[in-house]
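S.K.: Mind looking over this structure? Questions follow.
The values are calculated or read from the model by the stated rules, or taken from the named source; none is laboratory data. Quantities reported herein were computed from a predicted structural model and do not represent experimental measurements. Cβ: placed from backbone, ideal geometry, glycine included. Neighbour counts: every protein chain shown.
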């Protein structure tokens, strides 16, 4: 064996070794970031990031007994890939065809949306707070990061029509991953029942969020890990990270979208809201930046501005009374 052959074998060996190591790293990352089993550890990791509010921050704005006190009932649908998905439905005591579908964020569940239920209920809306796939009581091994979930939201819209009639009027309100979900839904020509969308701290591309998580915890270059994990995600869950990019969908929205974001959000930086806003048709966009708010914190940082803005936004479509802030 001559020297040149040895060099070629060495180079090929190093390449194969590097690919093997990268595959292992990407597989580990996929497990922790995108599977149900990995969510618990990822949730703890996220809480260590800067400007991520603790669950205790929301205690003055959440009534944990609200669903029970309003005779909530559990609903179920079957997803396109045969998963049993759960949601909590509250029928307003005042007969109404209006309903809001609330979609929570990464690692959360329907109960995380209790910050918003009283507001909509007091406006005469029926409430549907869903557990996104792989969260809460919904089935699923792999997270959808908004892409797979948008198919589920379309199913939930059908459920609303079944409950309230084909002439019901729907608001989609999502937070973080849930906001990405409703933004992606906007690009898939949702039924005309959907009248508007509220997107609270959505990312423009999930790959950019993951890149930030990786660079905060390792010195390894993020790009190869992102691309490798995206490929594994396609093989295991059925989608690439490039599919979970709301910025590619909001330009097609047939309904108005209100973007809300905290200007101190470093997990999903506020420039992503600007990117989404700029990608949305001029006659179908509005935006509110809440000063001093971290990720998902806008609703508690400036509760009055938050709901006053929503009042003005949805008031163009629905007849509602003006928001009165809760004293805490």
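S.K.: Residue check: is residue 69 loosely packed, with under 11 Cβ neighbours inside 10 Å, closer than 25 Å to residue 124 by Cβ and modelled with pLDDT of 85 or more?
M.R.: yes
S.K.: Here's something else I'd like to know. Between a first residue in the range 35-56 that is on the phi > 0 side of the Ramachandran plot and touching a residue at least 12 places away in the same chain (Cβ under 8 Å) and a second residue that is surrounded by fewer than 17 Cβ atoms within 10 Å (Cβ to Cβ) and outside any helix (DSSP H, G or I), which pairs have beta carbons less than 9 Å apart while being 6 or more apart in sequence or on different chains?
M.R.: Pairs that qualify, where the first residue is on the phi > 0 side of the Ramachandran plot and touching a residue at least 12 places away in the same chain (Cβ under 8 Å) and the partner is surrounded by fewer than 17 Cβ atoms within 10 Å (Cβ to Cβ) and outside any helix (DSSP H, G or I), are 51/266.
S.K.: When only residues in the range 282-302 that are part of a helix (DSSP H, G or I) and touching a helix residue (DSSP H, G or I) at 6+ places or on another chain (Cβ under 7 Å) count, which is surrounded by the most Cβ atoms within 10 Å (Cβ to Cβ)?
M.R.: Once the filter is applied, the top-ranked residue is 298.
S.K.: Going through the range 118-137 one residue at a time, which ones are more than 15 Å from the chain's Cα centre (by Cα) and within 19 Å of residue 106 (Cα to Cα)?
M.R.: Within the range 118-137, 128, 137 qualify.
S.K.: Considering the range 152-176 alone, what residues qualify as being out of contact with any helix residue (DSSP H, G or I) (no Cβ under 6 Å at 6 or more places or on another chain) and part of a loop (DSSP other than H, G, I, E, B)?
M.R.: 165, 166, 167, 176
S.K.: Tell me yes or no: at least one residue of the range 177-192 is touching a residue at least 40 places away in the same chain (Cβ under 8 Å), surrounded by fewer than 24 Cβ atoms within 10 Å (Cβ to Cβ) and in a helix (DSSP H, G or I).
M.R.: No.
S.K.: If I ask for residues that are touching a residue at least 24 places away in the same chain (Cβ under 8 Å) and either out of contact with any strand residue (DSSP E or B) (no Cβ under 8 Å at 6 or more places or on another chain) or not in a helix (DSSP H, G or I) (or both), which ones from the range 303-315 would you list?
M.R.: Passing the criteria: 303, 307.
S.K.: Among 118, 138, 109, which is farther than 19 Å from residue 37 by Cβ and either in contact with a strand residue (DSSP E or B) (Cβ under 9 Å, 6 or more places away or on another chain) or in contact (Cβ under 8 Å) with a residue 12 or more places away in the chain (or both)?
M.R.: The unique qualifying residue is 118.
S.K.: Test residue 99 against the criterion of being at negative phi and in contact (Cβ under 8 Å) with a residue 40 or more places away in the chain, and give yes or no.
M.R.: When the stated conditions are applied, residue 99 passes them.
Matching residues to (1) at pLDDT below 95; (2) over 20 Å from the mean Cα position of the chain (by Cα); (3) within 16 Å of residue 150 (Cα to Cα):
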site	(1), (2), (3)
50	yes, no, no
54	yes, no, no
63	yes, yes, no
89	no, no, no
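S.K.: Of the residues in the range 205-261, how many are part of a helix (DSSP H, G or I) and free of Cβ contacts under 8 Å to residues at least 24 places away in the same chain?
M.R.: Number satisfying all stated conditions: 9.
S.K.: Moving to a separate point now. Can you tell me which residue is nearest to residue 146 (Cα to Cα) among those in the range 22-44 that are surrounded by fewer than 17 Cβ atoms within 10 Å (Cβ to Cβ) and modelled with pLDDT under 85?
M.R.: Among those residues, the one meeting the criterion is 43.
S.K.: Any idea which of 106, 120 is buried (at least 23 other Cβ atoms within 10 Å of the Cβ) and over 30 Å from residue 31 (Cα atoms)?
M.R.: 120
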